[in-house]
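*Asks:* Sending over a structure as structure tokens; questions will come in a sec.
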Amino acid sequence: MKRMIFALVALQLSANFPPTEWVVEAGPVGVWRVVKTTPDGYSICPDCFYFDGKYLTKVYVPFHAMFWEASDYTYRMQTLWRENDLYFRWPNGGSPGKITFKDERFVERRGHVEVVYKKVPPCRLNEEEQLLIKERGPHDYRRTLLHLSKERDDGGWLLPNGP
């Protein structure tokens, strides 16, 4: 009887902890998935990215047919840290994207909505997220509108408060 009680207690305790393969390490490196919806209840489009410590990999579909595009629309983009803010350069140029790392999660402002990203354990990646961690080279920023390039002294960064 004591063994039975011990086994039930052990089973209950183990049920309160996630399997070890679900545990994710602290810090910004990893695959991140949107976990928050808009205040009016509409889902934010499925969104995820992979940050490897230097590059941010994300699916991006250009708005204009004139832009060069990767065959799978997945780009490994340059990043730049400023305090808790991670800036990333979109493949077609323009103002960089910005996400903030705080409280072990990434947060992005989209208009009046705060979008929250949660780190995904490697064993829980879906098909799109597995595509993000596929080995690929960094995006070549010389490939822009109509494949033309304009050299810039600031390395291409157009940050709100300078490079």
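Nothing in this text is a laboratory measurement; each read-out follows from the coordinates by a stated rule. Because the structure is predicted, anything quoted here is derived from the model rather than measured. No Cβ is skipped: glycine too gets one built from the backbone with ideal geometry, and neighbour counts run over all protein chains shown.
*Asks:* Tally Lys/Arg at +1 and Asp/Glu at -1 over every other residue whose Cβ is under 11 Å from the Cβ of residue 55; what's the total? The partial results should precede the final answer.
*Replies:* Details: positive: 54, 58, 76, 89, 136; negative: 52.
Residues close to residue 55 contribute a combined charge of +4.
*Asks:* Mind running the shape call on segment 75-136? Use the C-alpha gyration tensor, a ≥ b ≥ c as the square roots of the eigenvalues: rounded below 1.5 for a/c, prolate if a/b tops b/c, oblate otherwise. Could the numbers behind the result be given before it?
*Replies:* Numbers: a/c = 1.79, a/b = 1.20, b/c = 1.49.
Oblate shape, in that a/c is at least 1.5 and b/c is the bigger or equal ratio.
*Asks:* Say a paramagnetic label sat at a point 7 Å from the Cα of residue 128, along Cα to Cβ; which residues of segment 70-101 have their backbone N under 13 Å from it?
*Replies:* Only 73-74 fall inside the zone, counting backbone N under 13 Å.
*Asks:* Counting Lys +1, Arg +1, Asp -1, Glu -1, what net charge surrounds residue 83 among other residues with beta carbon under 13 Å of its beta carbon?
*Replies:* Residues close to residue 83 contribute a combined charge of +2.
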